[in-house]
Amino acid sequence: MNELTAFLKTRKKANLTIVAINVLVFIVFSIIGNTEDAQFMLTHGACFAPLVKEGEVYRLFTAMFLHFGVEHLIGNMLLLIFLGDTLERVVGSVRYLIIYLLGGLGGNVLSCCIALYRKNYAVSAGASGALFAVIGALVYLVLRKRGDVEGISGKRLLLMAALSIAQGFTAAGIDGYAHIGGFLCGMLLSVFVVRCGKKDEKR
């Protein structure tokens, strides 16, 4: 227990807060219902393209904090607690939150647009779009520095992103377009926050 407390104390606060919110939401919804039931998740804020089109745009945000079952939650949170912490150390808490939240929204927007275009609808939820925004931002930072960022190499990040995106299109129940959307938004947002950081330094 002491080791866990010591580990958490070393984590950056904004990312740790995001992880805590995801876990708490999952616990609450696990108590009141079945997080693996699509209808239950839809009722409580999961994303569904036709409903978003009808005006329930809040789902693009709320879906980022919902997970289908404990394995889904653990898989995302284990990656986030390390990768998100790394990104926050590099860009700061405010810029990290901008990348995470806007990147996650971007992933859900792309997913909904593709679903509406193809008329292929599914209830979706999870932090993976935002997680891929974090990965995309780290990839940009590594490429920009032409080396490692906080001990994470560009090759490992690119391989992780490529394998995860590929899995999103080959495995059932994974929203590959949310991954791509989050990744691309994360890269673009990272370019933006880095440039803003330079302007702040000049001032």
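Listing for the model above:
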item: Cα gyration tensor category, rounded, prolate or oblate, for region 1-103 with a/c compared to 1.5; result: oblate
item: Local net charge near ALA46, Cβ-Cβ under 14 Å (Lys/Arg +1, Asp/Glu -1); result: -3
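Read the figures in this text as sums done on the coordinates, not as results from a lab. Small disclaimer: the values here were computed from a predicted structure and weren't measured. Ideal geometry is used to build each Cβ from the backbone, glycine not excepted, and the neighbour counts take in all protein chains shown.
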